[in-house]
Amino acid sequence: MPKKKKKSKKALKKARLAEQKRKEEEERRRKEEEERLARIAEKERIQRELEEKIRREEEAKRLAAERIRIGEESKIFDSVKKAKELELKDLREKVEEKDKWTKFLECSDLPNPNDESDLNSYISIWESNENRNVELDFSDCKKGIAIYNIINSLYHKARVQENAEGVKFYSAISHEFSRTLLETLDKLSAHIIQYNDQFLEKNSQFSYSSEEINYDMWVNLTKKAKRNRNVDFKAVQATVELSVKMTLTSLAVRLVQLCYNPLQSLITKDDKKRYENYWWVNRKEDIDKGQYYPIGPILFIELLEIPPSAKKEGDWTIREVTSLAKEVVRIDGRSLDNNQKPSPTKISFVIPDSVIIRDEFPRIGWWDKENRMWSVRGISDIEYDENRRVVFSSLHLSTALAVVHPRTYDAPFSKWLITPLGRETALFVLRPKTKFTGVNFSIFIKIYEAKCCLLRPNNVPQLKYLLGKYMAPTDLLAQLSERGVNLTLEDCDAKYEQPLIPKESDLESKMHYEMSYVSNICTMASSRWNQDAGDTRAIFQCKKVLTDPLSNNFDDEDDDEILAKAEKILKQIDDTDDGNLWYSVSYETPRAGFIKQSEHAEKYDPQLLDGTDTHLNLFLCLQQVQTSDNEVEKRVDSGSVLVAQTVRHLLNATRPMSFS
């Protein structure tokens, strides 16, 4: 193969110059391209800035026009609002006068629940009684529970009315009644133990039973090992299996069953400052009530010290009087086991028929005094006899027990609905997330003026007592909660149902008032986009066709027809052609408006509906889209302010915007 001829120096130089020229040309073209792209980018930047400037100017003009429009609307609406409030105040005063007259006719010896001096005097007289009388003490406790129930009802009414002073007052006074009642039971117990020879039956037990209080005490006087270590407590319908150590120790076992929960209302000194900044000031500071809440009665199970037994000397009874004659001393289970962790004690008790068991086994909770909440930790070996409604479990004594449910058992709500039925009636519907007896169920609440009643579910034995029985909305919700259906939630509950985002309190307060204002003419329902809007905006639907309160005749129709109408509307919420039936409403603290959002869209779109503006409230939004002049105002004026108030209270209590 012939050798490759080497290039001359001249040829190599020429090649280098050509390569250099090529690179310079490439560099020139690259710089020209960069400059061209930079000019384009700069032009686009200037265009974007110009467009952004125009957008900001237009937005500023829009917001300025909106502020002026909403400011003018606010002045007009404030006068309308005041007129409605005066009408409502007049109706309230008439109701209060009627209630006072009814109480006068009943000749009740209970104090006035709205008079602080009367209540404090009652408590002082109650506390000052140092002469123990079993029947009178139990009578005082029952009266105390009756007063507490009245005060607790007023407390919840004050909350939904957003009455800060009322909430503080009723919260503080309910604490005092609970504290005094528990102290009275302790003094009474000390008296029974001190004079056990006068009170105990042959089985070393004392029992008392009533609708409000069931009380049992067993006193170990023999201190002998027993073959049968089960002690039956008849008043509270419970059985406790004593440990061997208990049978050999001088002690008393006390079981007290109360028809209400006195523990949540007790405020410690450390809590007082926290409670001063409670819900009505800044709801974000809600004190965590824990994951569980009690349903049905509260059962206190405690071990108590006992004094030396009385001795008989002829006709004389020699009794050593110690400090235990006036106060009880609780025994920590660890002291019976050489300060070691005590073994759980087996206990069985009957769950009242009024309590709904919604799981295979009931949850049993105990009161965690340190954290001030109900806990299920440490309770083991739970068994349940469904036929006898008896629950068996193992736990440590000296605590309070109850059947508990998660506070968010029924949250988030899958749907909600408010629809007018007539001038003096409306319907409020909540569909919880859970299933009831294997099927989805809804809570149907019929509103009549200032009261409401349960219409459905009508196939749950524990709720039949509430069907058709009219009461204040807060009382109805409390009755449902006590039976196992909790519909009243707070911000602190949201962390147990992630990713729920509670709405801001100012937004909810304004929105609930303004929704209730049009509730006699407008059907409103839930939107699947509500949680996507965050905590500063709420999304719901309102029906395009408005109702005339004077022509709507559902006031006279029976409940079956009302339920059929509501079921039809619930189905329409999911209608694929929802744009023809519903407006999507966007609510923020300063404004409301109809938006393009469809329930069946793939993404969240909060743009305003074409041809509409934002307004102060839903009432004014409806006025803009209605063809007839003042038709919305005329229809609202013909509605009942009491119905509007009840709707508002139900919204404030259940907070469907935050928990759906």
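The values are calculated or read from the model by the stated rules, or taken from the named source; none is laboratory data. Worth saying up front: this structure is predicted, and the values here are computed from it rather than measured. Reconstructed Cβ throughout: ideal geometry from the backbone, glycine too, with neighbour counts over all protein chains shown. With ligands, DNA and RNA removed, areas are computed over all heavy atoms of the protein, side chains included. Shrake-Rupley method; radii C 1.70, N 1.55, O 1.52, S 1.80 Å.
Overview of values
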{"item": "Apportionment of accessible area to carbon and sulfur, the chain, percent (1.4 Å)", "result": "49"}
{"item": "Cα gyration tensor, the range 4-157 - rounded (a/c under 1.5), prolate or oblate", "result": "oblate"}
{"item": "Peptides ranked, highest mean first, by Cβ atoms within 10 Å: ranges 492-503, 232-243", "result": "232-243, 492-503"}
{"item": "Per residue value of the accessible surface for the chain (all protein chains in place, 1.4 Å probe), Å²", "result": "53"}
{"item": "Entry for mean projected area of the Cα convex hull in nm² (calculated from the structure that is shown) out of [x] 35.9; [y] 49.9; [z] 53.8", "result": "[z]"}
{"item": "Built amide H within the under 5 Å cut-off of MET373, gap 5+", "result": "ASP368"}
{"item": "VAL95, VAL355, ranked by accessible area, largest first (probe 1.4 Å)", "result": "VAL95, VAL355"}
{"item": "Per-residue HN-Hα couplings for the range 644-655 [Karplus 6.51, -1.76, 1.60; θ = phi - 60°; Hz; x = Gly/Pro]", "result": "4, 4, 5, 4, 4, 5, 5, 5, 4, 7, 8, 6"}
{"item": "Nearest-ten-degree value, helix 559-573 long axis tilted from longest Cα axis of the chain", "result": "30"}
{"item": "Length gained when the stretch LYS311-ARG67 is fully extended (0.36 nm per residue, less Cα-Cα span)", "result": "79.2 nm"}
{"item": "Stretch gain in nm, segment ASP232-LYS13, where the contour uses 0.36 nm per residue and the Cα spacing is subtracted", "result": "67.3 nm"}
{"item": "Length released on extending from VAL329 to LYS495, taking residue separation times 0.36 nm less the Cα-Cα span", "result": "55.9 nm"}
{"item": "Principal-axis tilt of helix 9-106 within the chain, Cα atoms, nearest 10 degrees", "result": "40"}
{"item": "Residues whose placed amide H lies under 5 Å from that of TRP582, excluding near-sequence neighbours", "result": "LYS544"}
{"item": "Environment charge of ALA644, counting only residues whose C-beta is closer than 12 Å and scoring Lys/Arg +1, Asp/Glu -1", "result": "-2"}
{"item": "Pairwise centroid distance, computed over Cα atoms, of the range 633-657 with the range 444-515, Å", "result": "14"}
{"item": "Förster radius 35 Å - calculated FRET efficiency between SER124 and LYS245, Cβ distance, rounded to 0.05", "result": "0.25"}
{"item": "Angle in degrees between helix 505-517 and the longest Cα principal axis of the chain, rounded to the nearest 10", "result": "90"}
{"item": "Computed magnitude of the charge dipole of the chain (debye, nearest 20; Cβ of K, R +1, Cβ of D, E -1)", "result": "5320"}
{"item": "Accessible area (Å², 1.4 Å probe, nearest 10) - SER380", "result": "40"}
{"item": "The range 455-461 - phi-based ³J(HN,Hα) in whole Hz, Karplus 6.51/-1.76/1.60, Gly and Pro as x", "result": "9, 7, x, 10, 10, 10, x"}
{"item": "Solvent-accessible surface (1.4 angstrom probe) belonging to ARG29, in square angstrom, nearest 10", "result": "120"}
